[in-house]
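Here is the structure we will look at, set down as structure tokens.
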């Protein structure tokens, strides 16, 4: 039996594939910039963490397609659908518009909304057997992974970037799966803490955000911060506003993921 060929850390730039079957193949950290696809069948394709800047598609058939991501200047049949999608999401979830604040008071209004919504999600999660909260849904994280990642995000963008604590990590903090790995930053996806253990860390991180926002001025919000020391994040002259917006976005989006996954667990169990 002929083994399945594997290509690892090879430069195949400029290759030509014609009348070739790549069904069921796996592509990870593959760079396809400037490639051309013509008369291809992408049925059943799964794409995750992909950059699609400047993509041009012509003569495509899109049926039963599910896309979740940031849409900007996405034109379909001559219509920019990004603003339409944004408006519809804001209509469905009026609190969502609060997650794009421009001044300090706006951030102070947004954060309590997130805490209230998350309180409801955690209360719902407590109705599940705790072992289910460690169960990944599809190829997504478990509920515990999600909470641990939010703890990491707050530590990264508030404790480290804004407050200057260079190593603010708790052993249960969890970077995203695609992170390259940083010295001194924990990354233990196999840990199985209790919900209360994770929430104890989360309460501390939430309290830190409340303290930062309580003292925040518009002048500070308009400033920048630099962290070039080893670790993550590392940025020069990074906007304070963007640090806080990242935290709001992480909290908002991951709660939606968590609610979606709890619904799946509910149906399956």
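The values are calculated or read from the model by the stated rules, or taken from the named source; none is laboratory data. Note that the coordinates shown come from a computational prediction; the quantities given were computed from them, not determined experimentally. Ideal geometry is used to build each Cβ from the backbone, glycine not excepted, and the neighbour counts take in all protein chains shown.
The table below gives the values:
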quantity: Positions within segment 242-252 being within 16 Å of residue 163 (Cα to Cα) and either within 14 Å of the chain's Cα centre (by Cα) or in contact (Cβ under 8 Å) with a residue 40 or more places away in the chain (or both), in sequence order; calculated: 243, 244, 245, 246, 247
quantity: Matching residues, segment 212-223, being within 19 Å of residue 159 (Cβ to Cβ), in a helix (DSSP H, G or I) and in contact (Cβ under 8 Å) with a residue 40 or more places away in the chain; calculated: 212, 213, 214, 220, 221
quantity: Count - residues of segment 169-192 that are more than 19 Å from residue 134 (Cα to Cα) and under 20 Å from the mean Cα position of the chain (by Cα); calculated: 7
quantity: Of the criteria (1) surrounded by 10 or more Cβ atoms within 10 Å (Cβ to Cβ); (2) modelled with pLDDT of 80 or more, which one residue 10 fails; calculated: (1)
quantity: Failed item, numbered, when residue 116 is tested on (1) closer than 26 Å to residue 188 by Cα; (2) free of Cβ contacts under 8 Å to residues at least 24 places away in the same chain; calculated: (1)
quantity: Residue pairs meeting the criteria (Cβ under 6 Å; at least 6 apart or on separate chains; first within 25 Å of residue 239 (Cα to Cα), in segment 78-105; second at pLDDT 95 or above and not in a helix (DSSP H, G or I)); calculated: 104/216; 104/217
quantity: Residue in segment 57-97 that is modelled with the lowest pLDDT, counting only those that are under 16 Å from residue 249 (Cβ atoms), touching a helix residue (DSSP H, G or I) at 6+ places or on another chain (Cβ under 8 Å) and surrounded by 13 or more Cβ atoms within 10 Å (Cβ to Cβ); calculated: 71
quantity: Options 175, 168, 186; residue that is within 27 Å of residue 48 (Cα to Cα), outside any helix (DSSP H, G or I), in contact with a helix residue (DSSP H, G or I) (Cβ under 6 Å, 6 or more places away or on another chain) and in contact (Cβ under 8 Å) with a residue 12 or more places away in the chain; calculated: 175
quantity: Criterion: modelled with pLDDT of 95 or more, surrounded by 14 or more Cβ atoms within 10 Å (Cβ to Cβ) and in a loop (DSSP other than H, G, I, E, B) - qualifying residue of 162, 199; calculated: 162
quantity: Of residues in segment 204-234 being within 23 Å of residue 184 (Cβ to Cβ) and touching a strand residue (DSSP E or B) at 6+ places or on another chain (Cβ under 9 Å), the one surrounded by the most Cβ atoms within 10 Å (Cβ to Cβ); calculated: 225
quantity: Candidates 209, 264, filtered to the one that is assigned to a helix (DSSP H, G or I) and within 13 Å of residue 150 (Cα to Cα); calculated: 209
quantity: Residue check, residue 38 in contact (Cβ under 8 Å) with a residue 40 or more places away in the chain and either more than 19 Å from the chain's Cα centre (by Cα) or surrounded by 10 or more Cβ atoms within 10 Å (Cβ to Cβ) (or both); calculated: no
quantity: Residues of segment 73-107 that turn out to be farther than 30 Å from residue 217 by Cα, assigned to a loop (DSSP other than H, G, I, E, B) and out of contact with any strand residue (DSSP E or B) (no Cβ under 9 Å at 6 or more places or on another chain), as a count; calculated: 2
